[in-house]
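Reviewing the structure listed below.
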Amino acid sequence: MELLPRSPAEFGSARYWDRFFRQRGQRPFEWYGAFPELCPVLYKYVRPRDKVLVVGCGNSELSEQMYDMGMCEDIVNIDISDAVIRQMRERSAGTRPSMSYLLMDMLQMDFPDSHFQVVLDKGTLDALLTDEEEATLAKVDQMFAEISRVLQVGGRYLCVSLAQAHVLKKAVEHFSQEGWVVRVHQVASSGDKQQFVLPVFVYVMTKFRKIPGSSAQILEICPEDQDKPMRVESAERLVAAVKDRQHYALLCSQISKTPCREQVSLDLCDKESGKPRYTLHVVDSPSVKPSRDNHFAIFIIPQGRETEWLFGTEEGRRQLAASAGFGRLVTVALHREQHYEGMASIQAELSGKVMELAPPGLPARQQVPFLSVGGDIGVRAVRHCGSSPLSGDFVVEDVRGDGTCYFRRLVFLQNRNVVQSEARLLAPTPLPGQKKRRKDKKKPSPTEPPGAIDKSYLCCEHHKAMVAGLCLLGGPDALPGELAVLVVGLGGGSLPLFVHDYFSQARVAVVEIDPSMLEVATRWFGFSQGDRMQVHVSDGLDYVAKLAAEAPAQYDAIMFDVDSKDLTVGMSCPPPAFVEKPFLQKVKTILKPEGVFVLNLVCRDAGLKESVLAALRDVFPLLYARSIQGEVNEILLCQAGPAGRRSPAELGARARALEAALRGPGRPWDGSWALADTLQALHIL
């Protein structure tokens, strides 16, 4: 039996609907939005004494159910199909005396002005607004005008819809421009999601008298899991918010039926602020043999550890899921702007939502475990929030790492998943959630100085490789003594501090374009200037160019560890201008003949990376590379002459000798790494 129209235009044809309802017979046709789903929203906006008009009623049971449940009895139903009006009159004859069915076109209604308190539309606008042709839009305008005419001031137009973008946009723009309050409810689904995937929405347009000259608009959205509406600033933003919820519903439907070939990422936002509260990644492990107890688990990433390789990369999460032994693992990252009470409250908050991401074949009433490292949610304390015209918003935070160590981090919020600088704290600064060892210990004051920085510890693997590059300096039988080192890019100051403290004869010049970073490094990361350490607040490009013109061949080592602010380029470190051939020639000019240029390269664009390497080879004939495991970073050690070429064995011997020389009183060496091991993976390009 063919019930669908041959063209969208037939949705507005009385002949089509007569044929449709004759063929369908007495079986109600609901399109979408069953009464139990719509009931909570309808009860908010339909009062028992209201006079209600249902436009395009069809043979839906909605009016009958509203009547029978005592929600409202004074209900007038209209439709353009004579067949369905006769059918519905027969169905309610003698049982619902206050409800009527009239054959009427909603585009030309016979009712007087301001006759109803509520106009209810279930799918009629969707059926009419099938395209954006001029004739269709004219009919929709006529429909809206008639609804506005028959509705009292303070009355509500309730439109049940699938909220296609063009339908929602048309309705929201029309009524908001007329001065009406517009609110969109997402309907909580209780039906068969396998059969019908898209969520249902109810537009609630409340009629107010338009104030001449006023352009104020009140636009709100009510998600399915909350009663309090959220205000949005524009029709475009409202349409976008609805679209996000539609995409989420489609995603849940898709991954509930088939395993994920690729990891799925989504944000769950705070109900009050609308800001991200949780970031979820759905990871499937095809290699895990399913059993009753290993289908599905949730893993809460401890606060502050979301950037670690195991939690912050696809490969790391894949390894985590496989080692956990679950067919599907959902990792949950917590956001620094949000407050969390503990694991129990997070579990209560997420339990309903994460079940929407359950894998196919999950047994009914299956208990889903919540996992974490050490069974808690970790510790994070934001020490400082700041903003800079150059670096944007940033935070300094203390986090607990794996075990009992605490770390201080600098994070630029425009790229919040990347730790810009990191230092280990010698003693944990008092943090929320820590247990006091003594009951009489005073609560730390908010103005208490931060814990001391462990300057012997290099947190970043790429910094260790950059320091190891200094093994290339010095003659065949001599280690580097007096050194002139230029570091471009200060960050928290860990790299120049380490060179200054461990190379006792080194004179270090640091170039930093952002004065805010110098303040952050000094206040929060233990950085200080002195006779052998000077910071120049300047653009590195200008500083190097000026030195090349005025004072060539003065540095033994030049280190570039400078990030790019342009996130549209496939290279986040350094900015592209720093690796263009003319500028590299200037770098070579200020470098001593046997000096070494050390570059931290972070480039995801293969073509761009190859062009950078080609420019480096043209300027520096000897080029070593050291990849950082689990990261995109690659450290390049560049020298101007092939005379500096050394065998791996020679480099290893020099590294061991240099490390032995660097160890000494007042210079404790962190035992977790060695220069020789760092150089072991070095290769010549």
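Values computed for the structure shown
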| read-out | value |
| --- | --- |
| Highest to lowest packing among 487-496, 610-619, 172-181, scored as the average C-beta count within 10 Å | 487-496, 172-181, 610-619 |
| Volume per residue that the Cα convex hull of region 8-250 spans, once the total is divided by residue count, Å³ | 128 Å³ |
| Over 18 Å [Cα-Cα, region 212-284], rounded percent | 52 percent |
| Additional length obtainable on full extension of the chain from Ala606 to Ser456, 0.36 nm per residue less Cα span | 50.5 nm |
| Accessible area (Å², per residue) of region 286-383, counting only protein heavy atoms and a probe of 1.4 Å | 46 Å² |
| The chain, accessible surface, carbon-and-sulfur percent (1.4 angstrom probe) | 51 percent |
| Calculated over region 244-290: convex hull of Cα atoms, volume per residue (Å³) | 89 Å³ |
| Relative packing of 56-62, 522-528, 541-547, which averages over residues the other C-beta atoms within 10 Å, highest first | 56-62, 522-528, 541-547 |
| Where only C-alpha atoms are counted, convex hull volume of the chain per residue in Å³ | 233 Å³ |
| Point-charge dipole on Cβ atoms (K/R +1, D/E -1) for region 461-684, about Cα centre, debye to 20 | 460 debye |
| Chain lengthening between Glu90 and Gln366 when straightened (0.36 nm per residue, less Cα-Cα) | 94.6 nm |
| Quotient of Cα Rg and 2.2 N^0.38 Å for region 518-632, N being how many residues it contains | 1.14 |
| Crossing angle, helix 515-524 versus the chain [Cα axis fit, 0-90 degrees, rounded to tens] | 80 degrees |
| Calculated log₁₀ intensity ratio I(q)/I(0) where the Debye formula runs over C-alpha points of region 267-396, q = 0.11, 0.14, 0.18 Å⁻¹ | -0.43, -0.66, -1.02 |
| Dipole of region 461-684, positive direction: furthest Cα of Ser528, Leu608, Ala649, with charges on the beta-carbon | Ala649 |
| Contour minus Cα-Cα distance for Thr522 and Glu631 (0.36 nm per residue) | 36.5 nm |
| D_trans [Stokes-Einstein, Kirkwood Rh over alpha-carbon pairs] for region 380-425, 25 °C, 0.890 mPa s, µm² s⁻¹ | 225 µm²/s |
| Region 166-185-region 608-649 distance, computed between alpha-carbon centres (Å) | 59 Å |
| 222 nm mean residue ellipticity, helices alone, for the chain (DSSP H n ≥ 4; -39,500 (n - 2.57); rounded to 500) | -9000 deg cm²/dmol |
| Region 246-320, Rg to Rh (Cα coordinates; Rh as Kirkwood inverse mean 1/r) | 0.98 |
| Zone of Arg383's modelled label, taken as backbone nitrogen in region 524-552 under 14 Å from a point 7 Å along Cα→Cβ | 524-528 |
| Two-site FRET efficiency, Met343 against Lys44, from Cβ-Cβ distance with R₀ of 25 Å, rounded to 0.05 | 0.10 |
| Helix axis angle, 648-662 relative to the chain longest principal axis, alpha carbon, degrees | 80 degrees |
| Inter-label distance, nm, simple model (7 Å from Cα along the C-beta direction), Arg656/Lys271 | 6.4 nm |
| Computed P(r) (all Cα pairs; region 461-684; 5 Å bins; percent) | 1, 7, 15, 20, 22, 18, 12, 5, 1, 0 |
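The values are calculated or read from the model by the stated rules, or taken from the named source; none is laboratory data. Only a predicted model underlies this, so the values are computations on that prediction, with no experimental measurement involved. Heads up, the Cβs are rebuilt from the backbone with ideal geometry, glycines too, and the neighbour counts pull from every protein chain shown. These area figures cover heavy atoms from the full protein model, side chains too; ligands, DNA and RNA do not enter into them. Shrake-Rupley method; radii C 1.70, N 1.55, O 1.52, S 1.80 Å.
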